Amino acid sequence: MAMVMASNNINPKCVSLRAKKIVVVDDHQYVLLAWAELFKKTQKAHTLVSIDYHPDTNPSFWLYAFQKAMAIDPDREASLVPIFQQKLMASIDPLDIKSVERVMEKMRNDEHINTAMNLGYLKNYHMINCMEKHQYETGHHYLVANENFGSLDDKMFKDAGFSVKSIEKEAYILDIDLDYFSSRESFQYQSEKSIVFKKLVLGASLITIARSVTYFDYLKKDDFSIAECEDNLITLIGKIIS
């Protein structure tokens, strides 16, 4: 039986399926609050597995800091940006969720992963996306091949280079952005072809979902709504769990 709560960014929609908690937010950066709650509850840094159209691994509060620096002195932008970023990070107590909430309006929807790394909520991440295979000092990026966009089949994971063995011994969060799903075909689930996704769902300490409706509407190929896509994904997760 699913328990559903009210939906917005600060009070997201929460669904419980056989003790598996799913948190759904409108804007992707607000999953950070759910990750913070998990960290506070478990006192444990998790690994993240994120499936997204975009890589979402920009530095913490980068756009806010850049715009503020440019407004003050464009010639000093390079030196001012890290100062403004550090000031915001210093205002956050990782165990005080209210302190995280207070800075959320200054965070973009592609800055939450590295913010979570900086706060100690995450110790590692695996970013499966359709745009870029970054090579950073921390984390791992996997580029989804064009023919696999929107797929949850084992072939997608294999072609991208992701192996579920890389997180088998880790406590991890599964994070999914709905803009990854461009058509209804994404949800034609066959368990024998989606063993990796099934394992990810069953093993996750928490599942977070971002609607990202602007990007979803821009990228979708079928005439289906964000509500239908969300329902399809949650129904699929429920099918796997049950």
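Here are some notes:
- Under 18 Å of direct C-alpha separation, and excluding same-chain neighbours fewer than eight residues apart, Lys41 reaches these lysines: Lys20, Lys21, Lys98, Lys123.
- Considering only alpha-carbon pairs that sit under 8 angstrom and 6 or more positions apart, the relative contact order computed for the range 61-106 is 33 percent.
- Length-normalised contact order of the chain in % [C-alpha pairs under 8 Å, at least 6 apart]: 24 percent
- Tilt relative to the chain, helix 31-42 - C-alpha long axis, 0 to 90 degrees, to 10: 80 degrees
- For the chain, the longest principal axis of the alpha carbon atoms and the long axis of helix 226-241 meet at an angle near 60°.
- Averaged over residues, the count of other Cβ atoms within 10 Å places the peptides 30-37, 180-187, 91-98, 143-150 in the sequence 30-37, 180-187, 143-150, 91-98, highest first.
- Heavy-atom accessible area per residue - the chain, 1.4 Å, Å²: 49 Å²
- Taking the DSSP beta bridges with both ends in the range 1-156, the antiparallel portion is around 35 percent.
- If you sort Met127, Met117 by accessible surface, 1.4 Å probe, largest first, the order is Met117, Met127.
- Karplus-derived 3J(HN,Hα) values for the range 23-29, using 6.51 cos²θ - 1.76 cosθ + 1.60 with θ = phi - 60°, are 10, 10, 10, 6, 10, 4, 4 Hz; glycine and proline are entered as x.
- Counting Lys and Arg as +1 and Asp and Glu as -1 over every other residue whose Cβ lies under 14 Å from the Cβ of Leu88, the net charge comes to +1.
- Local electrostatic count, Lys199, Cβ distance below 11 Å [Lys/Arg +1, Asp/Glu -1]: 0
- Local electrostatic count, Glu170, Cβ distance below 12 Å [Lys/Arg +1, Asp/Glu -1]: +3
- Between the range 14-36 and the range 92-146, the alpha-carbon center distance in angstrom: 15 Å
- Computed lengthening from Glu185 to Met104, 0.36 nm per intervening residue step minus Cα-Cα distance: 25.7 nm
- Between Ala145 and Glu170, the FRET efficiency from the beta-carbon distance, with R0 = 30 Å, is close to 0.75.
- Note on surface exposure: Tyr125, Tyr136, Tyr218 rank Tyr218, Tyr136, Tyr125 by accessible area, highest first, 1.4 Å probe.
- Label point 7 Å beyond Cα of Asn9 along Cβ direction - residues of the range 110-138 with amide nitrogen under 15 Å: 110-113
- Principal-axis tilt of helix 77-90 within the chain, Cα atoms, nearest 10 degrees: 70 degrees
- Listed peptides 41-52, 190-201 appear in the order 41-52, 190-201 once ranked by packing, highest mean of other Cβ atoms within 10 Å at the front.
- Carbon-plus-sulfur accessible fraction, the chain (probe radius 1.4 Å, protein heavy atoms only): 50%.
- Modelled spin labels at Gln86 and Lys155, positioned 7 Å past Cα toward Cβ, are 5.0 nm from each other.
- Per-residue ³J(HN,Hα) for the range 157-165, Karplus 6.51 cos²θ - 1.76 cosθ + 1.60, θ = phi - 60°, Hz, x for Gly and Pro: 4, 5, 5, 6, x, 8, 10, 5, 5
- The chain: calculated mean residue ellipticity at 222 nm from DSSP helix runs of at least 4, using -39500 (n - 2.57): -11000 deg cm²/dmol
The values are calculated or read from the model by the stated rules, or taken from the named source; none is laboratory data. None of these values were measured; they are calculated from a predicted model. Because the Cβ atoms are built from the backbone with ideal geometry, glycine has one as well, and the counts that use them run over all protein chains shown. Please note that ligands, DNA and RNA were not included when accessible areas were found on the heavy atoms of the full protein model with its side chains. Shrake-Rupley method; radii C 1.70, N 1.55, O 1.52, S 1.80 Å.
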